[in-house]
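This report concerns only the one structure given below.
Read-outs: derived from the displayed coordinates by stated rules, not from any lab. These numbers come from a predicted model, not from an experiment. Cβ: placed from backbone, ideal geometry, glycine included. Neighbour counts: every protein chain shown.
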Amino acid sequence: MTSQITFSKIKHVVVKSSYDLSATEQREGKLQAGEITSKLCNGLIIDVLVLKMLSSTTTDDPITLGEDNIRDGTRRRFLTLSKLFIRKGRIPVHTDFFKKIEDGDTIIIILHEV
C-alpha cells in the first residue's frame, strides 16, 4: 500500500491538463493561476502537484492522493507570493517543474487552510 496525502479545508481548486500549458509558462517557469493567486492570504497555502492520472473525485473536500500518482519532483508549496506574482496571476514553479510533466498528466493547484 502506498502513502497518501490528504488536503482538507479546501477553498479553491484549479485543474489543468498538460496540453493546456503554454510555451510561455514553460519557458518562464511560471504557472498561470490567477483564480488561486488572487485569493491567497494569511492562513492559506497553495499546493501544486502533477498527477499521472486524474481521479474523478479530485475536486471534493477533502482530497486524498496516492503518492505514487504524483510525478516525482513536481510538488510545490507556497505560503506567500510577491505582489508581482499575485498581480500577474502566476505561480513561480520554475522551469524544471515543466520538464517533468508528461503528455496526459494533470496539474492540480489547491488553495487550502494551513
Q: Considering each residue of region 53-86, count those that are within 18 Å of V14 (Cβ to Cβ) and among the charged types (D, E, K, R), and give that number.
A: 6
Q: Give the number of residues within region 5-19 that are loosely packed, with under 14 Cβ neighbours inside 10 Å and either touching a strand residue (DSSP E or B) at 6+ places or on another chain (Cβ under 8 Å) or in a strand (DSSP E or B) (or both).
A: 4
Q: Report yes if R76 is under 14 Å from the mean Cα position of the chain (by Cα), of a type in the set (D, E, K, R) and either surrounded by fewer than 18 Cβ atoms within 10 Å (Cβ to Cβ) or at positive phi (or both), otherwise no.
A: yes
Q) How about region 20-51: which of its residues are polar (S, T, N, Q) and either more than 19 Å from F97 (Cα to Cα) or assigned to a loop (DSSP other than H, G, I, E, B) (or both)? A) S22, S38, N42
Q | Output for region 65-107, where each listed residue is part of a helix (DSSP H, G or I) and either of a type in the set (S, T, N, Q) or within 15 Å of G34 (Cβ to Cβ) (or both) | A | N69, K83, L84, F85, I86, R87, K88, T95
Q: Could you tell me whether G104 is in contact with a helix residue (DSSP H, G or I) (Cβ under 8 Å, 6 or more places away or on another chain), under 25 Å from T2 (Cα atoms), in contact (Cβ under 8 Å) with a residue 60 or more places away in the chain and of a type outside the set (F, W, Y)?
A: yes
